[in-house]
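The values are calculated or read from the model by the stated rules, or taken from the named source; none is laboratory data. Source: prediction; values computed, not measured. Virtual Cβ from ideal backbone geometry, glycine too; neighbours counted across all protein chains shown.
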């Protein structure tokens, strides 16, 4: 089994904490990554992608709830074109970062 380097583990922990709405939101990992010299541009990109995935998941949950509660007809949901790829269907982030 191969092991991951500390930066990779911290990055995974950071983005998964953000995407999962963990109360700590990866602040410890963010500090560790900055201390290790990871660029602010890279951190900004991965944080944007994590937030985007979190927001898409929340929108999908809201949509399914609306459908289940028969409120879908009342909700004006703006459809965003999705980027289609092999086994992938996701919308880009506001700065056009791909999340898949």
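Just a yes or no: is a residue in the range 52-75 part of a helix (DSSP H, G or I), touching a helix residue (DSSP H, G or I) at 6+ places or on another chain (Cβ under 6 Å), modelled with pLDDT of 85 or more and at negative phi?
yes
Which condition breaks for residue 3 when tested against (1) more than 27 Å from residue 96 (Cβ to Cβ); (2) out of contact with any helix residue (DSSP H, G or I) (no Cβ under 6 Å at 6 or more places or on another chain); (3) part of a helix (DSSP H, G or I)?
If we test residue 3 against (1) more than 27 Å from residue 96 (Cβ to Cβ); (2) out of contact with any helix residue (DSSP H, G or I) (no Cβ under 6 Å at 6 or more places or on another chain); (3) part of a helix (DSSP H, G or I), just (3) comes out false.
Quick check, is residue 20 modelled with pLDDT of 80 or more and either surrounded by 12 or more Cβ atoms within 10 Å (Cβ to Cβ) or in contact with a helix residue (DSSP H, G or I) (Cβ under 8 Å, 6 or more places away or on another chain) (or both)?
Yes.
I need every pair where a residue in the range 21-48 that is assigned to a helix (DSSP H, G or I) has its Cβ under 6 Å from the Cβ of a residue that is crowded, with 17+ Cβ neighbours inside 10 Å and at pLDDT below 95, sequence separation at least 6 or different chains.
Filtered contacts from the range 21-48: 29/10; 29/13; 29/14; 30/14; 32/10; 33/10; 46/15; 48/93.
Residue under question is residue 92, and the condition is that it be exposed (fewer than 10 other Cβ atoms within 10 Å of the Cβ), modelled with pLDDT under 80 and not in a helix (DSSP H, G or I); does it hold?
no
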